[in-house]
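**Student:** Got a structure for you, questions after.
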Amino acid sequence: FKTKLIEIQEQLKTAGIETDTSGLAQLLNQLAEQRAFLQAENADLKREREQLLAERMRLAEAISEETERSERIQRLEETLKMVAGDREVALKQRDKIQREYDDLREKLSVLRARWKELEARANRSASEEAELSRLRAERDQLLAEKQAAEIERDQLLARIDGDRSRVEAIGNSGVGSLTAMIRDLTEQKQALQAQIEQKDARIAELEAQQSSMRYQLQDSELLLSLVQEFRTPMTSIMGYVDLLLSESAGILGEMQRKFLLRVETNVSRLEAMLNDLIKLTELDTGSYVFKPAPIDVTTMIEDTITHFSNQLREKDIVINLKLQEDIPPVSVDRDALHQTLGQLLTNAYLVSPPGAEITLTAFTQQAKLNGETEQDCLFVSIEDQGGGISPDDEQRVFARKYKAENPLIQGLGDTGVGLSIAKALIEAQGGRLWLETKEHIGSKFAFLLPIEAKVNT
């Protein structure tokens, strides 16, 4: 212990501190004061530490609450996004259903008009039945007259054969009279036979017309009802495809989106084919409703070209317009004319090679339509550089067959019944649509429409 004390004294001396009693007391007092100061400072630091820990816990709780709040906001945003997507799809479905409802209402009015037309046809059929009965009665009467003439002729021949002596006594003049009588009876028989054949042919023609009309109406109405039934599941399919593509029901992978887009494309194509089938059937049965109204042809042509601008730009195709400056308004069905222009331009675009030129011409002229006197008409033509169509294929251009049943025509872009529909739409309004083609050069589709269209019912 003494040694330890000596060492401490040496250390104090080295530090410059006196080792006597007063120096040590002073040192102890200083150390005590420092200790008290350090204890007070330590207590303050403990309080600050506790405050900081409390603040840390409070901030941690606040961060946790904020994180939870952010997660709730994110979930709400996702829910709102899904709801917005569902709402958008629902609005689309509602609009589509509304359009179908309007179409059905229009179809109902058309069917009512069709019903009245069928009643009129039934009345005409009844009158034709009456005419058939009258013709049959005339035929039976002619047969009876023919039979009576044959009996009379046979009786005369029998008398002649049975009394040769009397014939010889009559002389040449009498025999000549009998011969003339027999000849007259024979000619009368032949005339009656010809009349009977004419009546039979007329009866067969009327019966064939009635049978054809009856089956045609039944087939067309059945086809229309079947196509309308197809629309309901197609609308549902399109609605669900739109819902999936909007990712309202979940995130899509690249392959899933690709498949859904392919489904959407094919369903849209199927819908277009069904619409074509409906339009053809309505045109054939006379139930298509035309709504003639004054149309600005120049504006419609420009709108149609604008609609195809992207496709034309992709193939670097140039449209050469040759439009008369003062084309008057034409009274035609707007949708029918728009579809015809679109179909002819689509055909020209599809068949033309990249960098080609399509010439669209429109002007008014005097022309004869359907054997009538000359009248003011609208002439429109669309000419392509697609290589033309061979003479053997020209008769198939307006055929009502899809490419699955009809071999593709070289030099023609349309593979469905679009051109057939365009031709029917023009002809139903009193016009004419035709094809002019130069093999290995190109084709020109042209049509004439009266300025005041006459709808053929």
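The values are calculated or read from the model by the stated rules, or taken from the named source; none is laboratory data. Small disclaimer: the values here were computed from a predicted structure and weren't measured. Neighbour counts are summed over all protein chains in view; Cβ atoms, including those assigned to glycine, are modelled from backbone coordinates with ideal geometry.
**Student:** Could you tell me whether Q324 is modelled with pLDDT under 90, assigned by TED's automatic domain parsing to the domain that holds G418, on the phi < 0 side of the Ramachandran plot and polar (S, T, N, Q)? Break it down into steps so the answer makes sense when it comes.
**Tutor:** Values: modelled with pLDDT under 90: no; assigned by TED's automatic domain parsing to the domain that holds G418: yes; on the phi < 0 side of the Ramachandran plot: yes; polar (S, T, N, Q): yes.
For Q324, the condition - modelled with pLDDT under 90, assigned by TED's automatic domain parsing to the domain that holds G418, on the phi < 0 side of the Ramachandran plot and polar (S, T, N, Q) - is not met.
Residues are listed down the side, and each one gets a yes or a no for (1) surrounded by fewer than 15 Cβ atoms within 10 Å (Cβ to Cβ); (2) of a type in the set (A, V, I, L, M, F, W, C); (3) more than 15 Å from G418 (Cβ to Cβ):
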position	(1), (2), (3)
Y288	no, no, yes
P294	yes, no, yes
F308	no, yes, no
Q311	yes, no, yes
P328	yes, no, yes
T340	no, no, no
T346	no, no, no
Y349	no, no, no
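**Student:** How many residues are touching a strand residue (DSSP E or B) at 6+ places or on another chain (Cβ under 8 Å) and more than 15 Å from P292 (Cβ to Cβ) if we restrict to the range 326-353?
**Tutor:** Filtering the range 326-353 down to residues touching a strand residue (DSSP E or B) at 6+ places or on another chain (Cβ under 8 Å) leaves 327-334, 337, 340-341, 344-345, 347-349, 351-352.
From what's left, more than 15 Å from P292 (Cβ to Cβ): 327, 341, 344-345, 347-349, 351-352.
Selection size over the range 326-353: 9.
**Student:** Another one. Which one is modelled with the highest pLDDT, of the residues in the range 265-285 that are of a type outside the set (S, T, N, Q) and over 10 Å from the mean Cα position of the chain (by Cα)? Give the steps one after another, and end with the answer.
**Tutor:** First, the residues of the range 265-285 that are of a type outside the set (S, T, N, Q): 267, 269-274, 276-280, 282-284.
Narrowing further to those that are over 10 Å from the mean Cα position of the chain (by Cα): 267, 280, 282-284.
Details: V267: 81, L280: 73, E282: 73, L283: 73, D284: 70.
Per the stated criteria, the residue is V267.
**Student:** Consider the range 316-337. How many of its residues are closer than 10 Å to D296 by Cα and assigned to a helix (DSSP H, G or I)?
**Tutor:** 1
**Student:** Can we say A446 is modelled with pLDDT of 90 or more, in a strand (DSSP E or B) and small (G, A, S)? Walk me through it before giving the result.
**Tutor:** Values: modelled with pLDDT of 90 or more: yes; in a strand (DSSP E or B): yes; small (G, A, S): yes.
Yes.
**Student:** State whether one or more residues within the range 244-253 are touching a Lys or Arg at 6+ places or on another chain (Cβ under 8 Å), assigned to a helix (DSSP H, G or I) and at negative phi.
**Tutor:** Step one: list which residues in the range 244-253 are touching a Lys or Arg at 6+ places or on another chain (Cβ under 8 Å), which gives 245, 248.
Adding the requirement that they be assigned to a helix (DSSP H, G or I) leaves 245.
If we keep only those that are at negative phi as well, we get 245.
There is at least one residue in the range 244-253 that is touching a Lys or Arg at 6+ places or on another chain (Cβ under 8 Å), assigned to a helix (DSSP H, G or I) and at negative phi.
**Student:** Still on this structure, I have one more. Can you tell me which of A90, A130, A126, A113 is touching a Ser or Thr at 6+ places or on another chain (Cβ under 8 Å), surrounded by 10 or more Cβ atoms within 10 Å (Cβ to Cβ) and at pLDDT below 75?
**Tutor:** On the way: A90 fails: touching a Ser or Thr at 6+ places or on another chain (Cβ under 8 Å); A130 fails: touching a Ser or Thr at 6+ places or on another chain (Cβ under 8 Å); A126 fails: touching a Ser or Thr at 6+ places or on another chain (Cβ under 8 Å).
That would be A113, the only listed residue that is touching a Ser or Thr at 6+ places or on another chain (Cβ under 8 Å), surrounded by 10 or more Cβ atoms within 10 Å (Cβ to Cβ) and at pLDDT below 75.
**Student:** Quick check: is even one residue across the range 219-233 at pLDDT 70 or above, more than 30 Å from Q339 (Cβ to Cβ) and either surrounded by 13 or more Cβ atoms within 10 Å (Cβ to Cβ) or not acidic (D, E) (or both)?
**Tutor:** no
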